[in-house]
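Visitor: I'd like to ask you about the structure that follows.
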Amino acid sequence: MKAVSQDVNIESLRDEIRRHEYRYYVLDDPEISDAEFDRLINELKKLEAAHPELITSDSPTQRVGGKPREGFVKVAHSAPMLSLDNAYSEEELRNWERRVHELTGRKDIEYVCELKLDGMSLALRYEDGKLVRGITRGDGNTGEDVTSNVRTVRSVPLSISPEKLKKAGIAADFEVRGEMLMPIASFKRMNEEREKHGLSLFANPRNATAGTVRQLEPSITAQRRLDFFAYMLIASNGSRTGEDARRSTNTDSGGAGGDGPAASPRTSARRSTTIDFGGAGVPARATPGAIFSNHWETLNALDAAGFKVNPRRALADNFDELWKFIGQWEEKRESLPYEIDGVVIKVDNTALQRELGFTGKAPRWAIAYKYAARAGITQIENIHVQVGRTGKLTPVAELKPVPIGGTTVSRATLHNMDEIERLGVKIGDWVEVERGGDVIPKVTRVIDDKDHSRGHKAFHMPEKCPVCGGHVVRAEGEADHRCVNQKCPAKLRETILHFASRGVMNIDGMGDALVTQLTDRGVVKDVADIYKLTKAQLLSLERMGDKSAQNVLNEIERSKKLPLERVIYGLGIRFVGERTAQFLAEHFGDISTLEKAGEEELQKVEEVGPRIAKSIVEFFAEPKNRELVEELRAAGLTLKGKKKERGTKLAGKTFVLTGTLANYTRDEAKKLIEDAGGKVAGSVSKKTDYVVAGADAGSKLDKAKELGVEVLDEKGLEQLLAASF
Ligand code: IVH
């Protein structure tokens with residue numbers, strides 16, 4: 001008996017909490033204070049701790065659950081998630097309306113106007129009124145299962161009671177689609193927090209939303225406040241064919257123009273009724289509002305079921321009314337708590353929607369009117385360079401302050417040297433500056449007219465890093481300039497994190513939190529400083545007890561024994577990954593020889609081409625990097641390895657393998673050649689010394705003949721190898 005009454009207690013407490021969650025997160029109209037809400041949650045937690053058998057997955061305490069074990073699983077959509085066609089002008093919008101008139105043969109069309117929220121679309125599946133799956137759009141046909149993250153979003157109901165669904169006129173199994181977004185205030189807060197911790201910033205709320213939904217730790221998603229707005233409802237029955245679905249639509253709702261929820265038999269709770277998929281042979285497509293006779297009612301039903309539906313919506317009887325809605329929100333756009341990039345206009349009547357159908361990727365019954373980017377014209381007073389945490393140098397235009405869409409803009413990014421050249425921009429130029437949802441606005445063009453004289457001072461990338469004075473290089477084929485000094489304070493945190501990470505120096509315990517503290521306090525100024533850390537220094541940090549401090553010190557000590565290739569990898573030389581580091585260690589056997597090697601010598605190393613060779617030479621040309629190596633040597637790291645003895649007869653010779661050899665696989669043949677000092681390339685060029693051709697050799701053999709490159713068969717290769725040892 002006791003258990004039963006406890007069960008009732010716990011469930012009514014949950015219901016009360018759900019109601020407050022709804023008032024707070026969906027309606028933005030809380031009835032109780034945060035403290036009172038916390039008290040209720042704590043009470044529930046206590047009850048659940050005492051009666052774990054009564055915990056249910058839809059309990060408000062269970063929003064943050066386990067993380068997906070192996071990344072996100074791909075899931076097929078019940079019906080494709082489509083996108084919308086865009087209109088960028090009144091004329092384009094009128095053309096769309098004309099098409100709607102022509103195709104339906106009617107002029108008295110009602111439209112629903114909704115804000116076009118700038119986030120990411122998501123599909124939420126409910127079974128028996130419970131949230132079972134949250135799926136990203138993906139390629140429209142298949143998305144990723146992000147349920148564990150979606151569950152943490154408080155405006156997403158984890159379960160909806162049968163009574164509520166019945167009242168709303170929605171069956172117990174259904175799918176809701178809508179937009180996940182990050183409100184601007186949350187976005188700003190999150191970026192401030194990230195900045196404090198030296199983490200990279202998200203450029204805009206849209207990227208932040210996608211990044212948050214697609215990261216693997218639900219507790220992180222829970223901390224970043226996301227919001228979900230529903231704008232589409234389909235009955236869940238993806239397994240049915242279009243024909244079946246259509247039949248059920250017809251029988252259940254009396255076909256096109258069926259009645260609303262009140263008079264409809266659809267209110268019977270568990271009926272999996274109406275989806276509207278296209279006709280036979282046409283890929284299944286979801287039409288919002290298929291359960292109801294019009295979209296407006298669908299939105300109201302979603303609202304009644306407890307979803308957050310944007311209240312900033314309107315019905316429009318004609319073009320003038322929808323145009324008015326568009327104008328109104330363009331003006332008020334800045335006052336919204338989230339980013340929008342336009343207005344979505346939808347034909348209200350579901351039957352007409354069906355009639356209008358779809359083009360390739362978008363419905364004909366809806367269109368997105370996109371607002372013009374908020375832009376302004378101003379003058380570039382100067383261009384300075386910012387150094388990012390990877391060492392990338394970004395030119396930033398300092399502008400004569402200009403108001404754009406409600407904020408004053410005084411800086412804009414110019415991205416890189418290629419962009420500056422593309423725009424043809426000089427200091428003193430008048431330019432157009434665009435502000436999307438992005439944190440940093442961008443320069444989009446130079447104004448070149450009689451009212452705006454052109455600037456004359458060209459901008460050049462500095463040869464020395466403005467932060468540390470280190471060498472600045474630009475790798476071939478790359479747009480970005482970078483600082484190569486691994487001691488550069490701008491990239492310190494990233495450098496240390498890479499060095500300490502698993503697979504590199506493997507210093508367990510030296511993660512984000514510790515590294516941030518060490519670099520922020522100036523205790524660690526380069527990777528060599530890791531080896532000078534004392535216990536007292538570690539103990540002075542937050543959340544560091546004696547035992548953890550000792551563990552970190554032990555880990556640091558252990559790392560000294562790791563082989564040379566790890567150290568080479570840990571240095572963070574651009575383009576030198578784990579494998580290349582291994583080849584370099586094997587080839588040179590110690591770091592001093594590597595340090596002195598020229599590009600030619602470096603290119604003798606397996607998989608090292610001109611680009612990597614140049615990057616290595618540039619790295620060691622920086623005196624601060626050589627100094628760093630010496631400090632690592634003094635600290636006792638392993639800077640000598642075992643030089644892998646290779647034959648030398650084939651040294652400097654380049655081979656290309658083609659066709660199938662009888663006695664060796666490609667990899668075996670490659671190894672034989674490399675062990676004899678030769679190099680194996682992927683394509684034939686004038687630099688190729690030998691092409692080894694097996695059975696069914698193809699175009700590489702033709703090319704060899706064309707270029708007069710010596711061709712060997714398997715036997716020829718064996719003879720050459722025998723001679724070389
Ligand atoms: S309806 C068949 N309504 O815009 C497509 N979409 O450009 C139904 N979006 O992928 C979409 N606000 O992510 C619809 N009120 C709204 C929207 C909206 C934002 C997004 C959505 C969609 C994209 C299309």
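Each value in this text was obtained by applying a stated rule to the coordinates, not by laboratory testing. Every value quoted in this text rests on a predicted model; they were computed, and no experiment measured them. Note that each Cβ is placed from the backbone with ideal geometry, even for glycine, and that neighbours are counted across all protein chains shown.
Visitor: Under the definition of Cα pairs under 8 Å and six or more residues apart, what whole-number percent is the relative contact order of the chain?
Guide: Once normalised by length, the contact order is 9 percent.
Visitor: Report, in deg cm²/dmol and to the nearest 500, the calculated mean residue ellipticity at 222 nm for the chain, where each DSSP H run with n ≥ 4 adds -39500 (n - 2.57) and the sum is divided by the residue count. Display every interim value, and only then the final one.
Guide: Details: 26 runs with 262 residues, N = 725.
The per-residue figure over the chain is -10500 deg cm²/dmol.
Visitor: Next question, about the same structure. Between Glu195 and Lys560, how many nm apart are label points set 7 Å from Cα along the C-beta direction?
Guide: If labels sit at Glu195 and Lys560, their model points lie 4.1 nm apart.
Visitor: Here is a further query. Based on the mean of other Cβ atoms within 10 Å per residue, sort peptides 334-342, 141-149, 82-90 so the most packed one is first.
Guide: The peptides rank, most packed first, as 141-149, 334-342, 82-90.
Visitor: Between Ile234, Leu632, Ile380, whose Cα lies farthest towards the positive end of the dipole of the chain when Lys and Arg beta carbons carry +1 and Asp and Glu beta carbons carry -1, centred on the Cα centre?
Guide: So the residue we want is Leu632.
Visitor: Turning to a different aspect of this structure: State, to one decimal in nm, how far the label point of Ser540 lies from the label point of Ala651, with both points 7 Å from Cα in the Cβ direction.
Guide: Calculated label separation equals 5.2 nm.
Visitor: At a Cα cut-off below 13 Å, give the aspartates and glutamates reachable from Lys642, other chains included and same-chain residues fewer than 8 away excluded.
Guide: Cα-Cα hits under 13 Å: Glu565, Glu586, Asp590.
Visitor: To continue, here is another question. Semi-axes of the equivalent ellipsoid for segment 294-442, please: Cα gyration tensor eigenvalues, times 5, square-rooted, ordered largest first, whole Å.
Guide: Values: eigenvalues 339, 56, 50 Å².
Over the Cα atoms of segment 294-442, the semi-axes work out to 41, 17, 16 Å.
Visitor: Leaving out same-chain residues fewer than 8 places away, which aspartates and glutamates sit with a Cα under 16 Å from that of Lys703?
Guide: Output for Lys703: Asp689, Asp713.
Visitor: Now for a separate question. Restricting to lysine pairs 8 or more places apart or on different chains, what number in segment 43-187 have Cα atoms under 24 Å apart?
Guide: 9
Visitor: Where Rh denotes the Kirkwood radius from the mean inverse Cα pair distance, what is Rg over Rh for the chain?
Guide: Numbers: Rg = 32.1 Å, Rh = 30.9 Å.
My calculation of the ratio gives 1.04.
Visitor: Please get the size of the charge dipole for the chain, origin at its Cα centre, with Cβ charges of +1 on Lys and Arg and -1 on Asp and Glu, quoted in debye to the nearest 20. Mind dumping the intermediate values first?
Guide: On the way: 110 positive and 111 negative charges, 261 e Å.
The dipole magnitude comes to about 1260 debye.
Visitor: Would you mind checking Lys464/Lys532; Lys392/Lys464; Lys491/Lys624; Lys346/Lys370 for any pair whose Cα atoms are more than 19 angstrom apart? Kindly include the intermediate steps, with their values, before the conclusion.
Guide: On the way: Lys464/Lys532 29 Å; Lys392/Lys464 12 Å; Lys491/Lys624 14 Å; Lys346/Lys370 14 Å.
From the list (Lys464/Lys532; Lys392/Lys464; Lys491/Lys624; Lys346/Lys370), the Cα-Cα distance tops 19 Å for Lys464/Lys532.
Visitor: Using Cα pairs closer than 8 Å and at least 6 residues apart in sequence, work out the relative contact order for segment 606-686, in percent. Walk me through the intermediate numbers first.
Guide: Details: 54 pairs, mean separation 24.9, N = 81.
Worked out over segment 606-686, it gives 31 percent.
Visitor: Using mean Cβ contacts within 10 Å as the protection proxy, how do 9-18, 119-128 order, highest first?
Guide: Details: 9-18: 16.2, 119-128: 20.8.
Output ranking for 9-18, 119-128: 119-128, 9-18.
Visitor: Okay, moving on. Extending each Cα 7 Å along its Cβ direction at Asn86 and Ala662, get the distance between those two points in nm, one decimal.
Guide: Going by the 7 Å Cα→Cβ label model, 6.2 nm.
Visitor: Taking a spot 7 Å from the Cα of Glu217 along the direction of its beta carbon, which residues of segment 136-150 have an amide N less than 18 Å from it?
Guide: 148-150
Visitor: If packing is taken as the average count of other Cβ atoms within 10 Å, what order do 402-410, 366-374 fall into, highest mean first?
Guide: Values: 402-410: 14.9, 366-374: 19.1.
Per-residue mean Cβ counts within 10 Å order the peptides as 366-374, 402-410.
Visitor: Within segment 438-464, list the residues whose amide N lies under 20 Å from a label point set 7 Å along Cα→Cβ of Lys400.
Guide: Under cut-off, by backbone N: 441-459.
Visitor: Pulled fully out, how much extra length does the chain show between Asp512 and Asp451, if you take 0.36 nm times their separation in residues and subtract their Cα-Cα distance?
Guide: Values: separation 61, 0.36 × 61 = 21.96 nm, distance 5.19 nm.
Full extension of this stretch gives 16.8 nm more.
Visitor: Need the list of lysines near Lys604 for cross-linking: C-alpha distance under 16 angstrom, and skip anything on the same chain fewer than eight residues off.
Guide: Reachable lysines: Lys596, Lys614, Lys643, Lys644, Lys649, Lys653, Lys670, Lys671, Lys679, Lys687.
Visitor: Now, a different point. Could you give log10 I(q)/I(0) at q = 0.11, 0.13, 0.15 Å⁻¹ for segment 532-664, computed by the Debye formula over C-alpha point scatterers of equal weight, without solvent?
Guide: So the normalised log intensities work out to -0.52, -0.67, -0.81.
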